[in-house]
Amino acid sequence: MILSVRDLKVSFRTNDGLVRAIDGVSFDLEESEILGVVGESGSGKTVSLLAVMGLITDPNASIEGSIRYKGRELVGLPPRELRRLRGNEIAMIFQDPMTALTPVYTIGWQIAEQIRAHQNISKAKAMARVEELLAEVNFPNPHEAMSRYPHQLSGGMRQRAVIAMALSCNPALLVADEPTTALDVTVQAGILDLVRKLRATHKSAVVFITHDMGVVSELADRVMVMYAGRVVERGSRMELFSDPRHPYTRALLGSIPPLTGEKPRRLPAIPGSPPSLLRLPQGCAFGPRCPVHYEPCVTGRPDLGIGTHAAACFRVAQA
Amino acid sequence: MTDSPILETRSLGKRFSIGTRFSAEGKRTVHAVDNVSLTVRRGETVGLVGESGCGKSTLARCLVRLYDISDGELLFEGEDITSKSLSELRPLRRRLQMVFQDPSASLNPRRRVGDLVAEPLRIHGKLSSREIAARVAELFELVGLLPDHVMRYPHEFSGGQRQRVGIARAIALNPDLVVLDEPVSALDVSVQAQIVNLLADLQEKLNLTYIFIAHDLSVVRQVSTRIAVMYLGSIVEEGPAEEVFATSAHPYSQALISAVPVVETTPSGTRKRIILTGDVPSPLKPPSGCRFHPRCPIAVERCRTERPELKEYRPGRKVACHFPTV
Amino acid sequence: MIYAILRRFGQMLFVMFGISVIVFLIFFATPGADPAARIAGRNASPEVLEAVRHNFGFDRPLYVQYAKMMEKIFVTGDLTSFVNRGWKVVPAVMDSIPVTLSLVFGAAILWVVVSIIIGIVAAATRDSWLDKLLMALGLLGISMPVYWLGEVMNLITQSRYHDSWAFSWVPPLGYKNFSDDPKGWFLTLIIPWITLAILYIGIYGRVLRAAIIESLQEDFIRTARAKGLSETRILLRHALRTSLIAFVTLFGLDFGALVGGSALLTEVVFGLHGIGKLTYDALQNLDLPMIMATVMYASMFVVIANAVVDFVYILLDPRLRTS
Ligand SMILES: Nc1ncnc2c1ncn2[C@@H]1O[C@H](COP(=O)(O)OP(=O)(O)O)[C@@H](O)[C@H]1O
Ligand SMILES: Nc1ncnc2c1ncn2[C@@H]1O[C@H](COP(=O)(O)OP(=O)(O)O)[C@@H](O)[C@H]1O
Ligand code: SF4
Ligand code: SF4
Ligand SMILES: [Mg+2]
Ligand SMILES: [Mg+2]
């Protein structure tokens, strides 16, 4: 087991009240496994991963629960210890490649900086390694690319540079926060291919966040669906897509227009919009939008329960 | 009814100059839209797809004359409006409307949404304030907002509701043609379907013609009757939406469509997929011959030198490739 | 590249030409600002006025007067003052330049170094008592009028406590040439440097702190943290480096203006006969040739400072370099 998160809660004190961004999230990740995390914006995907990385710097945040990396508790670890893990054992890829790199340094410099932060090697050695890494993420001309500034690269190439950086220390765990959302589908296809390949060569476990069901279904071994700060369904890729159980998962899958075959005259849409975390509905957070909502849903909050394929819904528990 | 063209372009082009004569590389020209001939018929929805930077937004803005047109002609209901002045365009503005991607950026945050929707009515119409209020209420109902929402400010709405306000504004003057530039791209997945349905309902009720841009290809397929695939400023394939998706003829369309991730329950990686190598070339230095040749998996020598024209190879299907899959 | 430099040079010339014309017109063509009346004195008779007018060439067409003046500044260099007849303007300006440059350069080094330290420390400890203290001090520095501060400095170091051990080294007011007496040059300038720098330390410290804190919100800082870099390295190599762009803009403008004569108050309080003082006196007396010369000189520095800022920009921000 690489990562084991138990009952993680992250909340922020704001002027409007307490925002419970993450409210009791638990999951496990095995070696070289890809876990897909799907959810709409604001469902808490980024915050949960930042918590894992120890990157929540907001002084108004409070983090509870347990995050164990290879058996070692990360919550409450001194910053110095965390820093030794970050970028070395655990690496992260961010959503927007346009802004994820420091604009005033070359990408070679930035990747070498990370290598030298964790390994005691010479600048020349680090640069040689950078060239290898850029070749590995399919830069057509890695040597020349090293001396490029971020603004001189396209979005896809920048994301490749960020991935090369993330891989520079052979991380056991790679955390990717919507790495392809800002990219074109053609470029996304290349990046997804790369992630698959790297999982095979580097044996890294991957947590891959996205809001695109299609992307998860192509990449993930196991999937976790989030809604309003909680996990509403989890299961293996096959379980989740061939037998979606939670009404939200079902509705979300149903509202995606098909790419082949007959076009429906109208799309089966989910009414309303995701709730504000400041004013969560009573009981099940999906209640007001749920097509099969009934009395118990207002009185209690459904638990995810145990088992590999589980859904946090009273209807499912009942069945 | 669907046969009379409402909007037509003939070899339309849009060039931007960047830099000045004095800058290091001198004055350069971006050919953002190049030689586009497109016919839009009344009541249909033409979807524009292509990678970012291929000129979709620029073409859209040319079509409603938000941009001046550099080359070619633009015809609205058969009338040449390529070089009409702003004042000559005023009566047409009412009939050609545009909806933008970011609903919050196009709405003034300091004004009530009722006011925002009433604005075009005040500018163009000759209605009394009572008639305007009635029309605003009617529009709110049409786009699925509640009557008491008129007093709210944009920030009090969710993204989906803001986009409804944007749509209400666009249809306030009973336009004939609405250009929608990525209207659902900024919205949550669960909300996108609502807006797509709303657009379909409005089209039916108000007999609207749409030009629809989105980077989500499945959304474009759902919405559009016809599709034009753009690459580096030009149309490379055009045809009925379902047909283009099912049997695309241009290697670029094939790669684009195969790259869309779809939910599948078969073991992963089984779907055939064409992964393009290399980046989209800069429109400042477009490749010779077929613009797609540096990335095309089946390019041959001829593609390097000879630029394929967009030709109708079957009624309703056009492609710009020397070796189309037909 | 050569083209860009030439273009820049052309722009500079054009700007200076524009400024000279405007200044010339303000003092010559503005109704009620008859320089002859000024020179001849308040109760001069019309005959005297006429004589003065003819004497100074005020009866010739404006463009001739302008051209003559430019020629005398740039070509022959023998323009003379209207007020102190026979006083050559160009050498007077030349003599003042080292004074002003000494004052402004020293103060600039001081304020840049100190404000960078203050900005970094305040940003690193933001919202702590130290940050609040530094920012309050900065505000104090900004709100103290330079003239008043200079007088207080003089009061303390020249009279009240001059004989105490702390300030007995302070030499009397005035400027000493660097080449004659380097130690004296340095000692006389220490107090003026501090006085002039305090205002700018306040401004720059606050600006830099704000810029660093803004940088710290950027995505690339999160990337830097995810790389496992130390907070110090993140602050200095990533946040500070990207914040310097705002800092440099401000510096270029202020430095240009100060060298061009805005250090006037400091010069006056400390009896330094620099450009500021020269300009001030010329304005007092409506000494047009002197005004003209100092304005030309000042505009030259402002324009040069702008060009240097542009150049430093390109060094600091690779996005501005075209590939
Ligand atoms: N620093 C913060 N202060 C207050 N609220 C925050 C902060 N960071 C995130 N949130 C809130 O937490 C929720 C989850 O955010 P996030 O994890 O970014 O969502 P996702 O990545 O799924 O789109 C959002 O409602 C967001 O507004
Ligand atoms: N105002 C402009 N000035 C210069 N170039 C522009 C301008 N607008 C767009 N472009 C360029 O034209 C091309 C097409 O842009 P755009 O129409 O926005 O593409 P899309 O909407 O398909 O992403 C791009 O290369 C873009 O850089
Ligand atoms: S618990 Fe009730 S409201 Fe929630 S998803 Fe299940 S049925 Fe719907
Ligand atoms: S013309 Fe040639 S290069 Fe262009 S798309 Fe067809 S085969 Fe490919
Ligand atoms: Mg996120
Ligand atoms: Mg666009």
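The values are calculated or read from the model by the stated rules, or taken from the named source; none is laboratory data. Just so you know, these numbers come straight off a predicted model, no measurement behind them. A quick note on method: Cβ atoms are made from the backbone with ideal geometry, for glycine too, and the neighbour counts reach across all protein chains shown. When the accessible area is computed, the model is the full protein with side chains, heavy atoms only, and any ligands, DNA or RNA have been set aside. Shrake-Rupley method; radii C 1.70, N 1.55, O 1.52, S 1.80 Å.
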**Prompt:** Can you give the Kirkwood hydrodynamic radius for the range B:185-326, in Å, rounded to one decimal and based on Cα pairs?
**Reply:** 16.9 Å
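Roughly what % of DSSP beta bridges within chain B run antiparallel, to the nearest 5?
Working: 28 of 45 bridges.
Here the antiparallel bridges make up roughly 60 percent for chain B.
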**Asked** So, in chain A, how many Lys pairs have Cα atoms under 22 Å apart, if the pair is 8 or more places apart or on different chains?
**Response** 4
**Prompt:** Ranked by accessible surface with a 1.4 Å probe, highest first, in what order do B:Asp188, B:Asp68 come?
**Reply:** B:Asp68, B:Asp188
**Prompt:** Of the cross-linked pairs B:Lys84/B:Lys285; C:Lys72/C:Lys277; B:Lys14/B:Lys272; C:Lys68/C:Lys88, which ones have a Cα-Cα span greater than 25 Å in the structure shown?
**Reply:** B:Lys84/B:Lys285; B:Lys14/B:Lys272
**Fill in**
Taking the chain alone as reference and the full protein assembly as comparison, with a 1.4 Å probe on protein heavy atoms only, the residues of the range A:145-174 that lose at least 20 Å² of accessible area are A:Tyr149, A:His151, A:Gln152, A:Ser154, A:Met157, A:Met165
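Suppose accessible area is computed on protein heavy atoms with a 1.4 Å probe; arrange C:Ile212, C:Ile5, A:Ile56 from highest to lowest.
Working: C:Ile212 0, C:Ile5 100, A:Ile56 35 Å².
Of C:Ile212, C:Ile5, A:Ile56, the descending order of accessible area is C:Ile5, A:Ile56, C:Ile212.
Just how large is the dipole of the range C:34-190 about the Cα centre, in debye to the nearest 20, putting +1 at every Lys and Arg Cβ and -1 at every Asp and Glu Cβ? Intermediate values should be presented prior to the final figure.
Numbers: 13 positive and 13 negative charges, 19 e Å.
Value, rounded to 20: 100 debye.
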**Item:** Size-normalised alpha-carbon gyration radius of chain A, reference 2.2 N^0.38 Å
**Value:** 1.05
**Request:** Could you tell me whether chain C comes out rounded, prolate or oblate from its Cα gyration tensor? Rule is a ≥ b ≥ c as square roots of the eigenvalues, rounded for a/c under 1.5, then prolate if a/b exceeds b/c, otherwise oblate.
**Result:** oblate
**Request:** Step through the residues of the range B:176-186 one at a time and calculate ³J(HN,Hα) from phi using the Karplus curve (6.51 cos²θ - 1.76 cosθ + 1.60, θ = phi - 60°), rounding each to whole Hz and writing x for Gly and Pro.
**Result:** 9, 10, 10, 9, 10, 9, 6, x, 10, 5, 8
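Can you tell me the mean projection area, over all orientations, of the convex hull of the range B:227-309's alpha carbons? Units nm², please.
Working: hull surface 25.2 nm².
Taking the Cα atoms of the range B:227-309, their convex hull projects to 6.3 nm² on average.
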**Prompt:** Hey, what angle do you get for helix C:129-143 against the long axis of chain C, alpha-carbon based, 0 to 90 degrees rounded to 10?
**Reply:** 0 degrees
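With both bridge residues required to lie in chain A, what share of the DSSP beta bridges run antiparallel, to the nearest 5%? It would help to have the intermediate numbers written out before the result.
Details: 28 of 47 bridges.
The antiparallel proportion sits near 60 percent.
Only loop residues by DSSP count here, and only those with at most 16 other Cβ atoms within 10 Å; note down the trypsin sites (Lys or Arg not before Pro) in the range A:194-291 that meet that. Provide the component values of the computation, followed by the final result.
Working: sites: A:Arg196, A:Lys197, A:Arg199, A:Lys203, A:Arg222, A:Arg230, A:Arg234, A:Arg237, A:Arg245, A:Arg250, A:Arg265, A:Arg266, A:Arg279, A:Arg289; in loops: A:Lys203, A:Arg245, A:Arg265, A:Arg266, A:Arg279.
Passing both the DSSP loop test and the Cβ count: A:Lys203, A:Arg265, A:Arg266, A:Arg279.
Averaged across A:259-271, how many Cβ atoms of other chains sit within 10 Å of each residue's Cβ atom?
On the way: counts 12, 7, 3, 1, 8, 2, 3, 6, 10, 2, 10, 7, 4.
Neighbouring Cβ atoms belonging to other protein chains average 6 per residue here.
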**Prompt:** Can you give the extra length, in nm with one decimal, that the chain gains between A:Ala135 and A:Leu278 once fully stretched, where that is 0.36 nm per residue apart less the Cα-Cα distance?
**Reply:** 46.8 nm
**Asked** Which longest uninterrupted range of chain B lacks any trypsin sites (Lys or Arg not before Pro) assigned by DSSP to a loop state (not H, G, I, E or B) and surrounded by at most 12 other Cβ atoms within 10 Å?
**Response** B:127-270
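Hey, can you list the DSSP H helices of chain B whose Cα span along the axis is 27 Å or longer and whose average Kyte-Doolittle score is at least 1.0? Show your work: numbers first, answer last.
On the way: long enough: none.
The answer is none, since no helix passes both cut-offs.
What are the GluC sites (Glu not before Pro) within the range B:66-164 that DSSP puts in a loop, where the Cβ has at most 15 other Cβ atoms within 10 Å?
B:Glu77
Express the accessible area of the protein assembly as shown per residue in Å², computed with a 1.4 Å probe while the remaining protein chains stay in the model. List each step's numbers first, then the result.
Working: 43660 Å² over 968 residues.
Per-residue accessible area for the protein assembly as shown comes out at 45 Å².
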**Interchain or long-range residues, amide H under 5 Å from B:Thr82's placed H** = B:Leu74
**Request:** Using only alpha carbon pairs under 8 Å that are at least six residues apart, calculate the relative contact order of the range C:159-297 and give it in whole percent.
**Result:** 20 percent
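So, with a 1.4 angstrom probe, what is the percent of accessible area on the protein assembly as shown that is carbon and sulfur?
Here it works out to 57 percent.
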**DSSP bridge pairs, the protein assembly as shown: antiparallel proportion in percent, nearest 5** = 60 percent
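For the range A:1-142, what is the relative contact order in percent, using Cα pairs closer than 8 Å and at least 6 residues apart in sequence? Numbers along the way, then the final one.
Working: 161 pairs, mean separation 29.2, N = 142.
Computed over the range A:1-142, the figure is 21 percent.
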**Request:** Give me the angle, in degrees from 0 to 90, between the Cα long axis of helix C:46-56 and the longest principal axis of the Cα atoms of chain C, rounded to the nearest 10.
**Result:** 60 degrees
**Request:** Work out the charge dipole of chain C with +1 on the Cβ of Lys and Arg and -1 on the Cβ of Asp and Glu about the Cα centre, then indicate which of C:Asn84, C:His238, C:Phe14 is farthest towards its positive end.
**Result:** C:His238
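At 1.4 Å probe size, put C:Thr249, C:Thr294, A:Thr57 in order of accessible surface, largest to smallest.
Largest to smallest exposure gives the sequence A:Thr57, C:Thr249, C:Thr294.
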**Prompt:** Where the Cα atoms of chain B are projected onto their three principal axes, how long is each span, largest first, in whole Å?
**Reply:** 68, 55, 46
**Request:** About the Cα centre of the protein assembly as shown, how large is the charge dipole given +1 on each Lys and Arg Cβ and -1 on each Asp and Glu Cβ? Please answer in debye to the nearest 20.
**Result:** 480 debye
**Shape box of the range A:180-319 [Cα atoms, principal axes, largest first, Å]** = 49, 39, 32
**Request:** Based on alpha-carbon positions alone, could you give the equivalent ellipsoid semi-axes of the protein assembly as shown from the gyration tensor, as √(5λ), descending, whole Å?
**Result:** 61, 39, 29
**Message:** Output needed: Cys residues of chain B lacking any neighbouring Cys C-beta below 4.7 Å, sorted by number.
**Reply:** B:Cys54, B:Cys62, B:Cys296, B:Cys321
**Item:** Three-way shape call for the range B:20-154 based on the alpha-carbon gyration tensor, with the a/c threshold at 1.5
**Value:** prolate
**Fill in**
Long-range alpha-carbon pairs in the range B:193-250, meaning those over 20 Å apart, account in percent for 28 percent
**Prompt:** Going by alpha carbons, how many degrees (0 to 90, nearest 10) lie between the helix axis of A:185-202 and the longest principal axis of chain A?
**Reply:** 70 degrees
**Asked** Which of A:Asn138, A:Asn88, A:Asn15 moves the most in a Gaussian network model of chain A with Cα springs under 10 Å?
**Response** A:Asn15
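Once the convex hull of the C-alpha atoms of the range A:1-155 is built, how many Å³ does it hold per residue, rounded to a whole number? Display every interim value, and only then the final one.
Working: hull volume 23.7 nm³, N = 155.
Spread over its residues, the Cα hull of the range A:1-155 gives 153 Å³ apiece.
From Cα pairs below 8 angstrom and at least 6 apart in sequence, can you work out the relative contact order of the range B:78-181, rounded to a whole percent? Before the final figure, lay out the partial values.
On the way: 123 pairs, mean separation 48.2, N = 104.
Once divided by the residue count of the range B:78-181, the mean separation gives 46 percent.
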**Message:** If every alpha-carbon in the range C:98-219 counts as one equal scatterer, what log10 I(q)/I(0) does Debye give at q = 0.19, 0.20 1/Å?
**Reply:** -1.02, -1.07
**Request:** Report the accessible area of C:Leu315, computed with a 1.4 Å probe over the heavy atoms of all protein chains in place, in Å² rounded to the nearest 10.
**Result:** 100 Å²
**Asked** Given C:Ser143, C:Tyr3, C:Phe186, which one lies farthest toward the positive end of the charge dipole of chain C, if we put +1 on the Cβ of every Lys and Arg and -1 on the Cβ of every Asp and Glu?
**Response** C:Tyr3
